[in-house]
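The values are calculated or read from the model by the stated rules, or taken from the named source; none is laboratory data. Quick caveat, the model's predicted, so the values are computed rather than measured. Here the Cβ positions follow ideal geometry from the backbone for every residue, glycine too, while neighbour counts run over all protein chains shown.
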Ligand SMILES: Nc1ncnc2c1ncn2[C@@H]1O[C@H](COP(=O)(O)OP(=O)(O)OP(=O)(O)O)[C@@H](O)[C@H]1O
């Protein structure tokens, strides 16, 4: 039977006696059970399916047997049933016993009293006690007298709970004591009815007990069932365990089998591989043998073929030789015949030719005769014409003579004496004028010599190294912000003041420092090349006078060096034009000049000829330019360098163009190259005075230096690095040379760079030097500009010794 059905049929069942692990249920019965409690019982009662999780569920233990010493309530109630009078007669005793029941009832029914045992009955039962007998304080004592500890005891000690009707028993005591305390019959009736109720209760309890026993039995059977199930499960577990062990054994065997098969397989694979190798070896052996056999056969076949071929060739050769011989003989015969025929024809032709020759000779002699006749006729004709013209001329002359004679006769006929006097005075005056002119010429030559002396003295006084500054204008293509440059002194035009970069003080004030510089001359951005040349023309004159002159432009890239030096109206074309003009003028003073020019560049410490850049020596190597100094003449020559005779201004222009184009060829970007090399235009001027016997030899060097800002750039690599190092080196060597000259040092380090070595006689004692420091007007170039101006100031402060002209008068040193 199902547990739930059992419960439904026994609503008043007391679970305290069963002690099963089920929720504690009050004596109220089924009406007080919650659904969850019922469900839990249903779940526990249903046997779990075999093999499910329920196997692990705790099997409920049989409830312990109730305390045997304790008398069941029904028995105790039965003891009182036949003696209702005693209850009235001996109220304290009955009261004690009666007092135990509600206490027990309270133990069994902790919260509620259900319909069969309503609170009203308890309260009416309580009414049977006399006043003061059933106080709250007595109850725990009675309960304790039981001597059993229990969980219900603590509840009895707590303040009594309200009944199901939500009022305490004590609430009625007042009523009992006041209304019916001494109504014995009423009380007996009440007690009897109460007893009857009690009896019903006992019966109910007995029924409950029976139900409990049934439940107990059922639980027991359930336990047995579960035991069986457990056993089954254990059996199943053992069976499964056996199966697992068997499966493990199978697995082991399978693994073993697998290993064995793997080893078999590996062995087989090895065998196959070995067999395969052996087969391959056999095959390759067979192949080798076959190849050897074949090659042997091939060799034999080849030999045989060669022999057969040779035989065939021999047969063919013989055959063809025979044929050739036959053909040759046939041809010989034919040739013989042709020769015979030809000789006959030759003979015929010879005869015909001789005949023709004779005819030609005859014709030639006839032509000669005719030509001679024609010539004779022509000369006759011309002589006749000459005669005619001579005759007409002589006729005219004769006519003129006749006329003059006529006039002479007339003159002679007039005053002939006066005429002859005037003639003689005129001749005397002419002689006088000639003598004066000669004297004036002599004076002029003397004055020219004196002018030269004075001019050079004036130059010396100005100093042999002069520095001029030129600021180029801003270009119109929006180059950038202009630097703050001022020119304070209009009169001397020798000062320039540069506002330095912005400086910020610790207080945040922005200021600019002024940097004043002073040079021999400062040219403002508006100055034209013409005015610049006006300043340097005196130096060009000095070169004509036999001095070595060096004019160089120094400054950063883009500051205007090339513009100043080599542009169409730059210093080089202007200087050459001036020289031509001067030479022409000097011719009147008996000076004859020859002018020779060469153009070189110093690039990477190598001299390159810009007029013949690709010229090679006889051994095919590029011609190496070598510097040669003539100590006595204080002149420098460059070996293997093309030197051009400059007879006219146009030849100078041609030379400049050629140099420029060669410079462009040498580098893809001519501008870049111009920034990275020094170009030197060398003009040699040799003058001789036929009147005075003077001879002078001067050199004009016009140098466009490489961009000075390269001094700082050091991030370059490879070729660029070499270039940078060389530019740095040569520019600092130039500074060293100027400094050494200024100090009057015995040793001047000319040889430290190609540039200074080349300009040795144009820098220092025997020369006049002019440096142009070129200035860019841009703010971005400010630092470079300051560096350039400082360098120029150093040069300007250097005093170099007196210059000397290389001049000779025939037979004596200058
Ligand atoms: N005085 C001037 N008036 C007008 N334009 C000028 C003047 N000076 C220079 N320029 C212009 O400025 C530019 C740079 O000048 P230039 O090529 O002569 O500089 P640079 O110093 O020779 O440079 P690099 O070292 O690269 O050869 C050119 O376009 C040139 O025409």
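Worth a mention:
- Residue ID - modelled with the highest pLDDT, chosen from residues in the range 459-485 that are over 19 Å from residue 555 (Cα atoms) and more than 14 Å from the ligand (Cβ to nearest atom): 481
- The range 549-560, residues that are within 16 Å of the ligand (Cβ to nearest atom), in a strand (DSSP E or B) and touching a helix residue (DSSP H, G or I) at 6+ places or on another chain (Cβ under 8 Å): 551, 553, 554
- Given (1) modelled with pLDDT of 80 or more; (2) away from the ligand (no atom under 16 Å from the Cβ); (3) out of contact with any helix residue (DSSP H, G or I) (no Cβ under 9 Å at 6 or more places or on another chain), number of the condition residue 500 does not satisfy: (3)
- A Cβ distance below 8 Å, combined with a sequence gap of six or more or placement on separate chains, defines the contacts here; from the range 548-566, residues that are free of Cβ contacts under 8 Å to residues at least 12 places away in the same chain reach no residue that is more than 6 Å from the ligand (Cβ to nearest atom) and part of a loop (DSSP other than H, G, I, E, B).
- Single unsatisfied condition, residue 534 versus (1) within 16 Å of the ligand (Cβ to nearest atom); (2) more than 22 Å from residue 679 (Cβ to Cβ); (3) in contact (Cβ under 8 Å) with a residue 12 or more places away in the chain: (3)
- Qualifying residue in the range 637-653 (condition: at pLDDT 80 or above, within 17 Å of residue 575 (Cα to Cα) and within 16 Å of the ligand (Cβ to nearest atom)): no
- Residue list for the range 561-577, restricted to those being in a helix (DSSP H, G or I) and within 16 Å of the ligand (Cβ to nearest atom): 561, 562, 563, 564, 565, 566, 571, 572, 573, 574
For (1) at pLDDT below 90; (2) in contact with a strand residue (DSSP E or B) (Cβ under 8 Å, 6 or more places away or on another chain); (3) surrounded by 15 or more Cβ atoms within 10 Å (Cβ to Cβ), each residue gets a yes or a no:
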residue	(1), (2), (3)
702	no, yes, yes
707	yes, no, yes
712	yes, no, no
715	yes, no, no
721	yes, no, no
743	yes, no, no
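- Condition check for residue 615: at pLDDT below 90, away from the ligand (no atom under 16 Å from the Cβ) and at positive phi: no
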